[in-house]
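Single-structure report; data block below.
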Amino acid sequence: MTSTTEIPEFPMPRAAGCPFDPPPAARALQEEAPLARVRLWDGSTPWLVTRYADQRALLADPRVSADITRPGYPSPAPLPKGGTGISFILMDNPEHARLRKMVTAPFTIRRVAAMRPAVQKIVDDLIDELLAGPNPVDLVEAFALPVPSLVICELLGVPYADHDFFQENSKLIIRRDVKPGERTAGHQALVGYLDRLMGEKLASPADDLLSGLAARVHAGELSRTEAAQMGVLLLIAGHETTANMIALGTLALLEHPDQLALLRESDDPALVASAVEELLRYLNITHNGRRRVALEDIEIAGGTIRAGEGLILANDVANRDPEAFPDGDRLDLTRDSHRHVAFGFGVHQCLGQPLARLELQVVYGTLYRRIPTLALATDVERIPFKHDGSVYGVYELPVTW
């Protein structure tokens with residue numbers, strides 16, 4: 001059934017006391033009107049698509065565009081003036097494919113697998129510091145954020161000493177409640193920072209991803225501005241999303257002690273890998289939905305999406321769709337969840353997902369076994385959740401052992 005009368009605001013609020021579950025209004029639409037109009041910040045009313053099968057079909061459909069500059073695209077915030085600062089993930093092929101292939105090599109499964117010992121050392125060293133430091137402690141500040149930040153800095157060739165600067169500006173970009181001018185300023189600060197680093201890599205290349213981009217700039221395949229923009233995308237995506245999954249995943253496990261026990265008491269890599277996929281499905285930390293615009297009329301979910309109309313594909317709701325994941329509101333680390341859409345689907349699916357999976361496997365397979373008595377140091381009701389951002393998580397997570 002298609003709904004054109006009920007137009008809730010998007011993003012929709014979560015229910016009080018259910019920090020891991022999708023908004024009840026979105027769940028109701030999935031059952032009653034899987035193709036429904038929603039109202040955005042600018043008054044536009046794109047279609048909200050909530051069912052799993054419909055989302056995968058649309059994400060693979062060449063009649064659907066990811067180009068944020070097309071009329072009708074349901075942008076989550078005002079576009080930068082002049083259309084500058086647009087990432088290749090918000091472009092269509094062939095330009096999307098041209099730019100994406102320039103940063104694909106470091107994220108191949110084989111290259112990422114070779115990083116496992118280095119990631120393991122980062123995790124072990126941070127756990128050593130945890131155990132030697134104050135107790136209780138904020139797990140976000142002491143562990144969840146440093147792990148992916150150290151990894152992505154090493155991969156990109158970004159000095160970790162600058163992490164306070166790029167983390168603060170990253171927050172300005174991904175929070176929904178900041179003014180457009182502040183968001184633009186944060187983005188420009190990061191572009192300027194990456195541009196300066198690009199200049200250093202052009203003069204003195206090293207064995208890192210930014211040096212690889214600098215080589216393409218030198219060869220005339222990529223402009224220096226394009227290279228800096230790509231560096232910003234990789235830097236933000238490389239630490240912000242994984243950091244939230246580490247902290248929120250830990251909270252979810254502490255709230256499901258039977259599932260935490262499975263990880264704590266097993267050294268089976270297959271179980272750890274399964275746990276990562278299930279937590280990605282269950283938590284869904286990206287809450288803006290995949291944004292698209294139709295290039296042609298499309299018949300789907302009992303309705304018609306007209307050419308030029310916007311689409312929002314709510315992946316957090318899709319990953320709880322009972323048609324795809326029976327009893328999907330239950331966290332089950334033994335479930336086969338590998339077909340979730342937490343990383344998207346189709347040609348625009350997340351470039352860095354092999355690295356994210358590796359980091360989460362190392363963290364989830366190590367932290368709870370090395371600190372078996374890990375526990376919350378506060379009530380869940382007092383934990384500050386990130387309801388104000390496009391990436392969901394917790395601002396802090398006090399833990400003890």
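Of the residues 254, 358, the one with the largest accessible area comes first in the ranking 254, 358, computed with a 1.4 Å probe on protein heavy atoms.
Based on protein heavy atoms only, the chain ends up with 43 Å² per residue of surface accessible to a 1.4 Å probe.
Alpha carbon centre of the stretch 343-379 versus the stretch 203-262: separation in Å? Distance between centres, Cα-based: 14 Å. What shape does the stretch 32-112 have by the C-alpha gyration tensor, where a ≥ b ≥ c are the square roots of the eigenvalues, rounded means a/c under 1.5, and otherwise prolate means a/b greater than b/c and oblate the rest? Taking the square roots of the gyration eigenvalues as a ≥ b ≥ c, the stretch 32-112 is oblate. Amide H to amide H distances under 5 Å link residue 377 with 399, 400, where only residues 5 or more positions off or on other chains count and H is placed in the peptide plane. Computed with a 1.4 Å probe on the full set of protein chains, the accessible area for residue 241 sits at about 40 Å². Calculated FRET efficiency, residue 53 to residue 182, Cβ-Cβ distance, R0 = 45 Å: about 0.70 to the nearest 0.05. Cα centroid separation, the stretch 101-162 to the stretch 305-341: 29 Å. Model label sites at residue 97 and residue 132, defined 7 Å from Cα along the beta-carbon direction, differ in position by 5.1 nm. Computed per residue of the chain from DSSP H runs no shorter than four, each worth -39500 (n - 2.57), the mean residue ellipticity at 222 nm is -14000 deg cm²/dmol. Applying the Karplus relation 6.51 cos²θ - 1.76 cosθ + 1.60 with θ = phi - 60° to the stretch 318-330 yields 3J(HN,Hα) values of 4, 6, 10, 4, x, 5, 9, 9, x, 6, x, 7, 9 Hz, where x marks Gly and Pro. Net length available on complete extension from residue 63 to residue 296 is 83.3 nm, with 0.36 nm assigned per residue and the Cα-Cα distance removed. Taking 0.36 nm per residue of sequence separation and removing the Cα-Cα distance, the residue 120/residue 70 pair yields an extension gain of 13.7 nm.
Looking at [x] 134; [y] 170; [z] 123, which value of volume of the Cα convex hull per residue in Å³ comes from a calculation on the structure shown? Of the listed options [x] 134; [y] 170; [z] 123, [x] comes from this structure. Solvent-accessible surface (1.4 Å probe) assigned to residue 18 amounts to roughly 50 Å².
Dipole magnitude for the stretch 55-143: computed about the Cα centre from +1 point charges on Lys and Arg Cβ and -1 point charges on Asp and Glu Cβ, it is near 700 debye. Could you count how many Lys pairs in the chain have their Cα atoms under 25 Å apart, skipping same-chain pairs fewer than 8 positions apart? So the count works out to 6. To put it simply, the accessible area of the chain at a 1.4 Å probe is 54 percent carbon and sulfur. Multiplying the residue separation of residue 353 and residue 39 by 0.36 nm and removing their Cα-Cα distance gives an extension gain of 110.0 nm. Calculated FRET efficiency, residue 28 to residue 400, Cβ-Cβ distance, R0 = 30 Å: about 0.20 to the nearest 0.05.
Tally Lys/Arg at +1 and Asp/Glu at -1 over every other residue whose Cβ is under 14 Å from the Cβ of residue 21; what's the total? Here the charged neighbours net out to 0. Residues whose amide H lies under 5 Å from that of residue 289, counting only those 5 or more places away or on a different chain, are 315; hydrogens are built 1.01 Å from N in the peptide plane.
Can you work out the FRET efficiency for the pair residue 7 and residue 307, with r the C-beta to C-beta distance and R0 = 25 Å, to the nearest 0.05? Approximately 0.75, to the nearest 0.05.
Per-residue SASA remark: residue 347, around 80 Å² accessible (1.4 Å probe; ligands, DNA and RNA not included).
The values are calculated or read from the model by the stated rules, or taken from the named source; none is laboratory data. The structure presented is a predicted model; accordingly, all values stated were derived computationally and were not measured. Here the Cβ is made from the backbone with ideal geometry for all residues, glycine too, and neighbour counts use every protein chain on show. Each accessible area value is taken on the protein alone, full model and side chains, heavy atoms only, with ligands, DNA and RNA left out. Shrake-Rupley method; radii C 1.70, N 1.55, O 1.52, S 1.80 Å.
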